[in-house]
Amino acid sequence: MNAAANPNPTVGRQNALSTRGLSKSFGSLTVANDIALNLPVGARYALIGPNGAGKTTLINLMTGMLAPNSGQIFLGGDDVTALAPQQRVRRGLARTFQINTLFAGLNALEAVTLAVCERRGVTGRFWQNIAVNKDAIEEAYEILVKLKLGDCCYQPTRELPYGRQRLLEIALALATKPKVLLLDEPAAGVPQEESGDIFEVVAGLSDDLTLLFIEHDMHVVFRFATHIIVLVGGAVFTQGTPAEIAADPGVREVYLGARKHG
Amino acid sequence: MTDIPTVAPQLYLQSRSRWRPIEIVFWLATLLPFWLFPDYLSLASQIAVASLFALSLDLILGYAGVVSLGHAAFFGLGAYTAGLFSIYVWGEVFTGLIAGAAVAALVGYASSFIISRFRHLTLIMITLGLGLLLHEAANSAGWLTGGSDGLQGIEVWKVAGLFSFDLYGVTAYSYTLGVLFVVFLAARRLINSPFGLALRGIRENFVRMPAIGADSNSHIRKVYTISAALAGVAGALIAQTTQTVSLEALSFERSADVLVMLVLGGAGRLYGGLIGAAVFMIARDQFSGIAPQYWYFWIGILLVVVVMLLPNGILGGLSKIFARWSRR
């Protein structure tokens with residue numbers, strides 16, 4: 001599929017990722033309802049909302065793992081709605097998963113090297129030893145060291161402590177050299193005292209990387225996000241700076257209400 | 001500095017593809033039949049062919065996680081192609097092998113477009129269906145294949161113009177073992193390549209692959225084609241060494257047997273198919289000596305016992321025992 005040569009005039013190149021009229025329903029259940037968002041280049045956005053608000057669904061729609069019923073997704077101004085997930089990854093849209101989605105039998109070095117090799121387009125080469133790709137291996141290792149996984153990168157993934165596995169999720173996404181990174185609860189399941197470590201890593205990522213993360217811990221959200229999007233019932237309820245969101249009585253109600261029933 | 005492992009990353013990955021002493025011992029042991037069992041060389045050559053066939057299945061099943069119950073399609077294609085090649089073109093064996101591999105690869109490539117789009121049970125049924133289809137096609141095309149009488153009149157030249165196929169199977173075993181070794185070297189290289197790493201990625205987590213930018217379908221198409229070509233080589237070998245091809249080469253039973261061999265030996269281990277084929281063929285030879293009609297009964301028991309006690313096959317069990325023993 002050919003992505004549009006002319007960027008959509010309403011989207012523009014200043015936005016790393018945008019959606020317009022994005023909708024998805026399963027039968028009578030609407031999980032995404034007319035979602036229009038802009039993520040400016042270098043943004044640090046948080047996506048929050050009660051359980052079942054459609055946060056992960058939105059990430060699935062953006063990355064192409066779910067096909068929308070209607071609406072469009074723009075990456076750097078280009079319409080990527082028709083592209084397959086791996087094609088979007090190659091254009092710079094990466095994600096991590098809320099539930100570890102790793103290569104259990106590979107070690108961290110192999111897994112990240114694989115991702116780097118995929119990006120470099122050398123994984124079709126069945127005639128050469130992997131070790132020939134010295135640059136790719138060293139690049140993978142650098143990513144691992146940056147994420148403090150250097151000392152355990154020869155251990156099979158399934159033997160890594162859970163917190164390390166969460167970091168490997170991010171390492172795999174970074175190996176694709178993303179322009180936009182969507183983090184689905186990067187610290188999910190990690191004890192609170194360790195979740196800070198993971199967000200320190202996230203905060204330390206390059207400034208020109210555009211970030212959107214889903215997170216339930218409001219302390220973390222207010223500490224790391226420059227902008228917050230509140231999703232309720234598959235639709236954008238409101239969005240704004242952390243101060244605006246904190247002062248919004250509607251958001252408070254949604255959260256308190258959800259908590260009262262949940 | 002805890003961040004620096006003891007071995008540099010590149011050297012570490014390189015070391016994983018280094019030849020281990022046990023491998024050299026294994027290949028030296030394949031030469032033993034020449035001296036120890038000179039009466040069993042034709043069995044040994046059948047084992048070499050079955051090993052090659054199981055190795056080809058291992059590439060798709062053990063490394064890419066693609067289950068096939070119709071792999072005999074490519075074995076049979078290679079066998080009939082090599083047989084017909086020797087009848088209608090000439091009897092030179094290496095070009096015959098290449099012809100068998102090429103036809104099997106071509107059909108493998110064509111069917112890979114269907115194969116790569118499905119997984120699990122659907123895939124098993126599709127491969128089974130394609131295998132049955134080809135079996136019936138060969139059966140009804142009696143003018144070409146000889147139908148249920150088998151393909152007759154295959155005559156092959158001396159290997160390299162020097163060694164004719166003798167009654168004892170010295171040439172047959174040397175030839176099949178030589179081809180097996182060369183193909184094994186190629187498969188070993190493939191497994192340790194970037195492509196091999198991608199295949200393991202597909203096996204370990206199919207869902208994650210697109211999220212790291214991988215086009216799994218194109219990887220699967222490629223490995224399926226390679227696997228078909230290697231199965232074709234195995235089939236061509238059986239045609240050349242037995243100088244006949246029967247419909248059995250395309251049968252469901254052959255597809256099932258090769259799967260059993262691989263599971264017995266241990267899938268995804270490169271040597272699993274080789275060990276499994278040897279165990280299976282020797283067991284069949286011995287059991288059919290005891291009770292000619294009931295030997296599948298014993299194979300059945302062997303399979304159930306191995307799968308229950310050693311989920312990763314004989315090799316998986318051995319490496320576990322070895323790991324425990326060396327940790328002491």
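The single residue among B:T95, B:T81 that is polar (S, T, N, Q), more than 23 Å from B:S319 (Cα to Cα) and without any contact (Cβ under 8 Å) to a residue 24 or more places away in the chain turns out to be B:T95. Every listed requirement among (1) modelled with pLDDT of 95 or more; (2) farther than 18 Å from B:L264 by Cα; (3) of a type in the set (S, T, Y) is met by B:S42 save one, (1).
Only residues that are at positive phi and not charged (D, E, K, R): list them for segment A:91-149, please.
Scanning segment A:91-149 gives A:G92, A:G121.
Here is a check on your reading of the model: is B:R16 of a type outside the set (A, V, I, L, M, F, W, C) and exposed (fewer than 10 other Cβ atoms within 10 Å of the Cβ)?
On the way: of a type outside the set (A, V, I, L, M, F, W, C): yes; exposed (fewer than 10 other Cβ atoms within 10 Å of the Cβ): no.
For B:R16, the condition - of a type outside the set (A, V, I, L, M, F, W, C) and exposed (fewer than 10 other Cβ atoms within 10 Å of the Cβ) - is not met.
A:Q72 fulfils the conditions (1) more than 21 Å from B:N205 (Cα to Cα); (2) more than 21 Å from the chain's Cα centre (by Cα); (3) touching a residue at least 24 places away in the same chain (Cβ under 8 Å) except for a single criterion, (2). Counting only helices (runs of 4 or more DSSP H) that sit completely within segment B:166-231, those holding 3 or more residues that are hydroxyl-bearing (S, T, Y) and out of contact with any Lys or Arg (no Cβ under 6 Å at 6 or more places or on another chain) correspond to B:170-191. Any idea which residue in segment A:143-157 is surrounded by the most Cβ atoms within 10 Å (Cβ to Cβ), counting only those that are within 8 Å of chain B (Cβ to nearest Cβ) and in a helix (DSSP H, G or I)? Result: A:G150.
Comparison of A:I228, A:I170 shows that the only residue that is away from every other protein chain (no Cβ under 14 Å) and either under 30 Å from A:A247 (Cβ atoms) or assigned to a helix (DSSP H, G or I) (or both) is A:I228. Counting only helices (runs of 4 or more DSSP H) that sit completely within segment B:1-93, those holding 1 or more residues that are under 18 Å from B:R269 (Cα atoms) correspond to B:9-15, B:21-29, B:41-58. Any residue at all in segment A:85-98 that is of a type in the set (S, T, Y) and either at the interface with chain B (Cβ under 7 Å from one of its Cβ atoms) or surrounded by fewer than 23 Cβ atoms within 10 Å (Cβ to Cβ) (or both)? Taking every residue of segment A:85-98 in turn, none turns out to be of a type in the set (S, T, Y) and either at the interface with chain B (Cβ under 7 Å from one of its Cβ atoms) or surrounded by fewer than 23 Cβ atoms within 10 Å (Cβ to Cβ) (or both). Number of residues in segment B:297-318 that are surrounded by fewer than 14 Cβ atoms within 10 Å (Cβ to Cβ) and either under 20 Å from B:R284 (Cα atoms) or modelled with pLDDT under 90 (or both): the value is 6.
This table checks each residue for (1) aliphatic (A, V, I, L, M); (2) without any contact (Cβ under 8 Å) to a residue 12 or more places away in the chain; (3) buried (at least 19 other Cβ atoms within 10 Å of the Cβ); (4) at the interface with another protein chain (Cβ under 8 Å from one of its Cβ atoms).
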position: B:A186; (1), (2), (3), (4): yes, yes, no, no
position: B:G201; (1), (2), (3), (4): no, no, yes, yes
position: B:F206; (1), (2), (3), (4): no, no, no, no
position: B:K222; (1), (2), (3), (4): no, no, yes, yes
position: B:G235; (1), (2), (3), (4): no, no, yes, no
position: B:Q240; (1), (2), (3), (4): no, no, yes, no
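Taken across segment B:85-93, residues that are within 21 Å of the chain's Cα centre (by Cα) and among the small types (G, A, S) do not occur at all.
Of everything in segment A:100-142 that is under 23 Å from A:G189 (Cα atoms) and among the hydrophobic types (A, V, I, L, M, F, W, C), the residue that is nearest to the other protein chains (Cβ to nearest Cβ) is A:F103.
The values are calculated or read from the model by the stated rules, or taken from the named source; none is laboratory data. Note that the coordinates shown come from a computational prediction; the quantities given were computed from them, not determined experimentally. Neighbour counts run over all protein chains shown; Cβ positions are idealised from the backbone, glycine included.
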